[in-house]
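Shown next, in structure tokens, is the structure this report addresses.
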Amino acid sequence: MAKAAEAVEATIAAEARLDARKLRADFPIFQQRFHGQPLAYLDSAVSAQKPRHVLDAQREFYETSYTNVHRGVYLLAERATERFEGAREKVRALINAASTREIVFTRSATEALNLVAYAWGLDNLGPGDLVVATELEHHSNFVPWQQIAKRTGATFRPIPVDGRGELQLDALEAIAKQGSVKVVASNLVSNALGTINPVETLAAWAHEQGAIMVVDAAQAAPHRRIDVQRLGCEFLAFSSHKLCGPTGVGVLWGRAELLERMSPFNFGGEMIRKVTVEETSWNDLPYKFEAGTPPIGEAVGMGAAIDYLTGVGMAAIEEHEHALAAYALERLAEVPGIVLYGPPADRRAGLVSFNMQGIHPHDVAQILDWEGVAIRAGHHCCQPLMARLGVAATNRASFYLYTIPEEIDRLVEGLHKVRRTLGNGNFR
Ligand SMILES: Cc1ncc(COP(=O)(O)O)c(C=O)c1O
């Protein structure tokens, strides 16, 4: 391990109360070698690896407590329902929601955001209204709003970012003059740049305009303490798979008074109270928004993931990743021809985005893979942001509670190798 990495690991251990090296033992994926090397998994923003605790909890649930929920009167059905609703309570506590009635299980953050765009947007938007989303949104919180604006005759307006990918809040005044702002959509942490966005400020501005605030917390909920009552937003979405839980389940939190007034998003079983040939009435919250069989085992797995993360401590995870991002920015700056994107370390979460001058990001990621270093190359589902930065794609290395500084050293060594191999313009 390089000296600098040793020093940073010592600092992290002293300050952050988190022993990443020890935690790695909980993740079976790290027992394997890739291309003959230990895995340096620097792509947790795309999806997090799963600890044995989560895998075991899901297996135990299926082996001892599984059937459909909210239907049967037999003991097994009651047990399954209890475990499923227990997971809902864990989600509530994670984000400090006032009630489990406000926690809707969806398939993913994407589905949660679509739910709000359709179920709230179709009934509340029209000509003369403004739908505002940031220029650095993931497509999941951009395209649904753009499309619902088109359908309803509302106008879609992005909040611009500056060259560092930070929101230009001084543009808000001019935006407000263009119509009646009805919804403001922003992520709490950008998946492409790691920017921590001033969501509380945006929420206050949205409320001054009489608008609702929709927060995409897909990159925030897994990495930092979230308190929806303090954020001041109306809706917040995230996915289980990015917080060490299984795929196939996500969360929409919404204020009960708004969810009460909204029409359902999907129709079918379980979301109804009474159905006749003429009319149907809806079930109570949150079931009105959970049509059909929900992701039962997945929700239980997410509950186990929340237990695991909160056992480590959300503040410790955030501090650990923050220190890794600062270390990565410092080390990456040593690489000749590197271009770094995004804000300085103090305003950034645990990921770094960069390009190597004259070398395609996919070629960079390919060569790093041969070294056992897994990073992401692409537009990160943020094409409007890429257009603003004047690039088609970037490389992104992202960190989590199991990331160790040595992996960042391997990334940097790999980038030197990329430069030696392709830096003479010998790329495809
Ligand atoms: C900021 C952000 N929002 C939304 C999503 C969509 O998450 P999912 O694919 O789990 O629905 C992602 C996934 O990368 C993301 O990073």
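On the basis of being under 19 Å from Leu258 (Cα atoms), at pLDDT 95 or above, surrounded by fewer than 24 Cβ atoms within 10 Å (Cβ to Cβ) and away from the ligand (no atom under 15 Å from the Cβ), does Ile159 make the cut?
no
To keep it simple, each residue is scored yes or no on (1) within 14 Å of the ligand (Cβ to nearest atom); (2) touching a strand residue (DSSP E or B) at 6+ places or on another chain (Cβ under 9 Å).
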| residue | (1), (2) |
| --- | --- |
| Gly358 | no, no |
| Val364 | no, yes |
| Trp370 | no, yes |
| His379 | yes, yes |
| Gln383 | yes, no |
| Leu389 | no, yes |
| Ala393 | no, yes |
| Ala397 | no, yes |
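Identify all residues within the range 93-115 that are away from the ligand (no atom under 16 Å from the Cβ) and part of a strand (DSSP E or B); write none if there are none.
Passing the criteria: only Ile103.
Restricting to the range 201-257, and then to whatever is charged (D, E, K, R) and within 13 Å of the ligand (Cβ to nearest atom), can you tell me which residue is farthest from Ile103 (Cα to Cα)?
Lys242
Identify, by number, the condition in (1) part of a loop (DSSP other than H, G, I, E, B); (2) within 23 Å of the chain's Cα centre (by Cα); (3) not hydroxyl-bearing (Ser, Thr, Tyr) that Phe267 doesn't meet.
The one condition Phe267 does not meet is (2).
Every residue in the range 149-170 that is free of Cβ contacts under 8 Å to residues at least 60 places away in the same chain, within 13 Å of Ala133 (Cβ to Cβ) and not charged (D, E, K, R), please.
Residues satisfying the conditions are Ala149, Ala154, Thr155, Phe156, Ile159, Leu167.
Take the residues in the range 333-359 that are touching a Phe, Trp or Tyr at 6+ places or on another chain (Cβ under 6 Å) and in contact (Cβ under 8 Å) with a residue 40 or more places away in the chain; name whichever of them is farthest from His416 (Cα to Cα).
Here the answer is Gly350.
Which of the residues spanning the range 272-325 are more than 20 Å from the chain's Cα centre (by Cα), in a loop (DSSP other than H, G, I, E, B) and under 26 Å from Phe84 (Cα atoms)?
Matches in the range 272-325: Asn283, Asp284, Leu285, Pro286, Glu290, Ala291, Gly292, Thr293, Pro294.
Scanning for something of a type in the set (Val, Ile, Thr), within 27 Å of Ala45 (Cα to Cα) and not in a loop (DSSP other than H, G, I, E, B), does the range 152-167 turn up at least one residue?
yes
Quick test for you: out of Thr394, Thr403, pick the one residue that is farther than 23 Å from Gly423 by Cβ, buried (at least 22 other Cβ atoms within 10 Å of the Cβ), of a type outside the set (Asp, Glu) and under 19 Å from the mean Cα position of the chain (by Cα).
Just one listed residue meets the conditions, Thr403.
Listed here are the residues, each with its yes/no results for (1) at pLDDT 95 or above; (2) within 23 Å of Leu252 (Cβ to Cβ); (3) more than 13 Å from the ligand (Cβ to nearest atom); (4) loosely packed, with under 15 Cβ neighbours inside 10 Å.
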| position | (1), (2), (3), (4) |
| --- | --- |
| Leu125 | yes, yes, yes, no |
| Ser140 | yes, yes, no, no |
| Thr155 | yes, no, yes, no |
| Asn187 | yes, yes, no, no |
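The values are calculated or read from the model by the stated rules, or taken from the named source; none is laboratory data. If you're wondering where the values come from, they're calculated on a predicted model, not measured in any experiment. All Cβ positions, glycine included, derive from the backbone under ideal geometry; neighbour counts span all protein chains shown.
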